[in-house]
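Below you will find the structure I want to go over with you.
The values are calculated or read from the model by the stated rules, or taken from the named source; none is laboratory data. Computed from a predicted model, the values in this text were never measured in an experiment. Please note: Cβ atoms are built from the backbone with ideal geometry, for glycine as well, and neighbour counts cover all protein chains shown.
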Amino acid sequence: MTLRILVISDTHGSLSCTEKALKSAGNFDEIWHLGDVLYHGPRNPLPEGYSPKELASLLKKHRVKYIRGNCDADVDIRVLEIPEMPRIGMEFLGDVKILLVHGDQFEYEGGDPVSLAQAHGCSVVLFGHTHVPLAERCEGVLLLNPGSVSLPKSEAGPTFGIIDMDEKKFYLCSLEGDVLKEVMLVERE
């Protein structure tokens, strides 16, 4: 059976944009949400379809692994009815070790995604925060940012990611479901 993971970040309470991403993604087994789930934050405008309570209800219908972002608070954990929302996570997909973070650590605590991934022995790092999609290798580490489905800050517009483990690929997709970029999770030797 194929393992397909929907990777989203920075939904900022937008029910309508998140619904579009879920629909465009098609079939998936679980969601990895890289932070800034319900609250729009003091620096952002209200996103289209802002409805954090309804977004929480929608997400509760799915299997979701959450990473805490800079706009997430303890109240979000209670509303989402989850036991915790860690600042950092690690997942193994086969022999691929993946680091999951929001990304604000790079801005506020110094460092960079490559160094953090290497410090944790990971070959892939998934992060959000910038609202700018990214899929590229740097110093042997695959850097993946799904962008934002609700408040994009790039010409690509609203975006999300899909990990397909049968193909061992990450797909960066527009909110309409068009593949903008695809990369192998493991470097070919």
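Kindly check whether there is at least one residue in segment 148-155 that is over 24 Å from Leu55 (Cα atoms), among the basic types (Lys, Arg) and touching a residue at least 12 places away in the same chain (Cβ under 8 Å).
There is no residue in segment 148-155 that is over 24 Å from Leu55 (Cα atoms), among the basic types (Lys, Arg) and touching a residue at least 12 places away in the same chain (Cβ under 8 Å).
With respect to Glu167, determine if the residue is under 21 Å from Phe28 (Cβ atoms) and in a loop (DSSP other than H, G, I, E, B).
On the way: under 21 Å from Phe28 (Cβ atoms): yes; in a loop (DSSP other than H, G, I, E, B): yes.
Here the answer is yes, as Glu167 does meet what is asked.
Has segment 79-101 got any residue that is touching an Asp or Glu at 6+ places or on another chain (Cβ under 8 Å), modelled with pLDDT of 95 or more, in a loop (DSSP other than H, G, I, E, B) and not aliphatic (A, V, I, L, M)?
no
Let me ask another. From the list Gly94, Gly128, Gly177, pick out the single residue that is in contact with a helix residue (DSSP H, G or I) (Cβ under 8 Å, 6 or more places away or on another chain) and touching a residue at least 40 places away in the same chain (Cβ under 8 Å).
Working: Gly94 fails: in contact with a helix residue (DSSP H, G or I) (Cβ under 8 Å, 6 or more places away or on another chain); Gly128 fails: in contact with a helix residue (DSSP H, G or I) (Cβ under 8 Å, 6 or more places away or on another chain).
Selected residue: Gly177, the only one of Gly94, Gly128, Gly177 that is in contact with a helix residue (DSSP H, G or I) (Cβ under 8 Å, 6 or more places away or on another chain) and touching a residue at least 40 places away in the same chain (Cβ under 8 Å).
Would a scan of segment 67-75 turn up a residue that is without any contact (Cβ under 8 Å) to a residue 12 or more places away in the chain and either hydroxyl-bearing (Ser, Thr, Tyr) or within 29 Å of Val124 (Cα to Cα) (or both)?
Filtering segment 67-75 down to residues without any contact (Cβ under 8 Å) to a residue 12 or more places away in the chain leaves 74-75.
Filter once more, keeping what is either hydroxyl-bearing (Ser, Thr, Tyr) or within 29 Å of Val124 (Cα to Cα) (or both): 74.
Yes, there is a match, as at least one residue in segment 67-75 is without any contact (Cβ under 8 Å) to a residue 12 or more places away in the chain and either hydroxyl-bearing (Ser, Thr, Tyr) or within 29 Å of Val124 (Cα to Cα) (or both).
Next up: Considering only residues that are part of a loop (DSSP other than H, G, I, E, B) and crowded, with 16+ Cβ neighbours inside 10 Å, look in segment 102-113 and name the one that is modelled with the lowest pLDDT.
Residues of segment 102-113 that are part of a loop (DSSP other than H, G, I, E, B), as a first pass: 102-103, 109-112.
Filter once more, so that each one left must be crowded, with 16+ Cβ neighbours inside 10 Å: 102-103.
On the way: His102: 96, Gly103: 93.
Once the filter is applied, the top-ranked residue is Gly103.
Return only the number of the condition from (1) outside any loop (DSSP other than H, G, I, E, B); (2) free of Cβ contacts under 8 Å to residues at least 40 places away in the same chain; (3) in contact with an Asp or Glu (Cβ under 9 Å, 6 or more places away or on another chain); (4) closer than 23 Å to Ile162 by Cβ that Leu58 does not satisfy.
With (1) outside any loop (DSSP other than H, G, I, E, B); (2) free of Cβ contacts under 8 Å to residues at least 40 places away in the same chain; (3) in contact with an Asp or Glu (Cβ under 9 Å, 6 or more places away or on another chain); (4) closer than 23 Å to Ile162 by Cβ applied to Leu58, the lone miss is (2).
Checking the structure you have, find out if any residue of segment 145-153 is closer than 27 Å to His40 by Cα and of a type in the set (Val, Ile, Thr). Spell out how you get there, then give the answer.
First pass over segment 145-153, keeping only residues closer than 27 Å to His40 by Cα: 145-153.
So of that shortlist, the ones also of a type in the set (Val, Ile, Thr) come out as 149.
Yes, the conditions are met somewhere in segment 145-153.
Looking at (1) in a strand (DSSP E or B); (2) small (Gly, Ala, Ser); (3) crowded, with 24+ Cβ neighbours inside 10 Å, can you tell me which one Gly147 breaks?
(1)
Of all residues being farther than 13 Å from Met90 by Cα and either among the hydroxyl-bearing types (Ser, Thr, Tyr) or crowded, with 20+ Cβ neighbours inside 10 Å (or both) in segment 114-129, which is modelled with the lowest pLDDT? Just the residue, please. Before you say what the answer is, go through the steps one by one.
Our first condition is that a residue be farther than 13 Å from Met90 by Cα; within segment 114-129, this holds for 114-115, 128-129.
Keeping just the survivors that are either among the hydroxyl-bearing types (Ser, Thr, Tyr) or crowded, with 20+ Cβ neighbours inside 10 Å (or both) gives 115, 128-129.
Numbers: Ser115: 91, Gly128: 97, His129: 96.
The extreme case among them is Ser115.
Would you mention how many residues in segment 17-47 are loosely packed, with under 14 Cβ neighbours inside 10 Å, part of a loop (DSSP other than H, G, I, E, B) and not hydrophobic (A, V, I, L, M, F, W, C)?
5
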